[in-house]
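S.K.: Can you read through this structure? Questions will come right after.
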């Protein structure tokens, strides 16, 4: 189908079918589903109004991600988009999330569930080139530089080398040998 290797960002919903209807009503696209995944849950693959793909998950026997924000687990999800404000409105409306701006020099929106930061939204800039709107999954690691070196030794390409975010941590963006892009992150 021409879909390159990639990581998916899933959002938990109480009703997949209702979420799909909301996406359609708000100008998003249904890529496939809704469908049952045996008795684990119900899901659908969708696109927001800017074209970033994401999934929704209605848990049944499997709640989804149980371990997060520690080394070896998902640390963060980040949307890079062509219209940060519209994308924020889309996801807060669809998922009932709150939002707020992160303090600092860069314009960055935090999506919030029950007051906790759960994802970030940033605008595509000219310096990023022709990158399309997309979600990036970040995995927690103990040391960004060590893991970046190890990834390169295994055939990965480092797209963004280890970069410090003052007071927050350090990240890098890597493309694995199959072409899937993901981030790694260490807390400050």
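The values are calculated or read from the model by the stated rules, or taken from the named source; none is laboratory data. Just so we're clear, the structure is a prediction, and the values are computed from it rather than from any experiment. We place every Cβ from the backbone using ideal geometry, glycine too, and count neighbours over all the protein chains shown.
S.K.: Could you please let me know if residue 166 is outside the structural domain of residue 55 (by TED's automatic domain parsing) and at pLDDT below 95?
M.R.: It is true that residue 166 is outside the structural domain of residue 55 (by TED's automatic domain parsing) and at pLDDT below 95.
S.K.: If you go through region 81-102, how many residues are within 21 Å of residue 187 (Cα to Cα) and at pLDDT 95 or above?
M.R.: Residues flagged as within 21 Å of residue 187 (Cα to Cα) and at pLDDT 95 or above within region 81-102 amount to 0.
Residue-by-condition table, conditions (1) surrounded by 18 or more Cβ atoms within 10 Å (Cβ to Cβ); (2) outside any strand (DSSP E or B):
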{"residue": "39", "(1), (2)": "no, yes"}
{"residue": "56", "(1), (2)": "yes, no"}
{"residue": "77", "(1), (2)": "yes, no"}
{"residue": "80", "(1), (2)": "yes, no"}
{"residue": "86", "(1), (2)": "no, yes"}
{"residue": "94", "(1), (2)": "yes, yes"}
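S.K.: OK, next. Residue check: is residue 72 without any contact (Cβ under 8 Å) to a residue 12 or more places away in the chain and surrounded by fewer than 18 Cβ atoms within 10 Å (Cβ to Cβ)?
M.R.: Spelling it out, it is not the case that residue 72 is without any contact (Cβ under 8 Å) to a residue 12 or more places away in the chain and surrounded by fewer than 18 Cβ atoms within 10 Å (Cβ to Cβ).
S.K.: Name, by its number, the condition in (1) farther than 28 Å from residue 145 by Cβ; (2) in a loop (DSSP other than H, G, I, E, B); (3) in contact with a strand residue (DSSP E or B) (Cβ under 7 Å, 6 or more places away or on another chain) that does not hold for residue 111.
M.R.: All conditions are met except number (2).
Residue by residue, here is whether (1) surrounded by 17 or more Cβ atoms within 10 Å (Cβ to Cβ); (2) assigned to a loop (DSSP other than H, G, I, E, B); (3) more than 17 Å from the chain's Cα centre (by Cα) holds:
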position	(1), (2), (3)
30	no, no, yes
45	yes, no, no
62	no, yes, yes
90	yes, no, no
99	no, no, no
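S.K.: What number of residues within region 14-28 are surrounded by 15 or more Cβ atoms within 10 Å (Cβ to Cβ) and either outside the structural domain of residue 55 (by TED's automatic domain parsing) or in a helix (DSSP H, G or I) (or both)?
M.R.: Looking only at that region, the number is 5.
S.K.: Still on this structure: Condition check: touching a helix residue (DSSP H, G or I) at 6+ places or on another chain (Cβ under 7 Å) and without any contact (Cβ under 8 Å) to a residue 24 or more places away in the chain. Does residue 161 satisfy that?
M.R.: Yes; evaluated as a whole, the condition is true for this residue.
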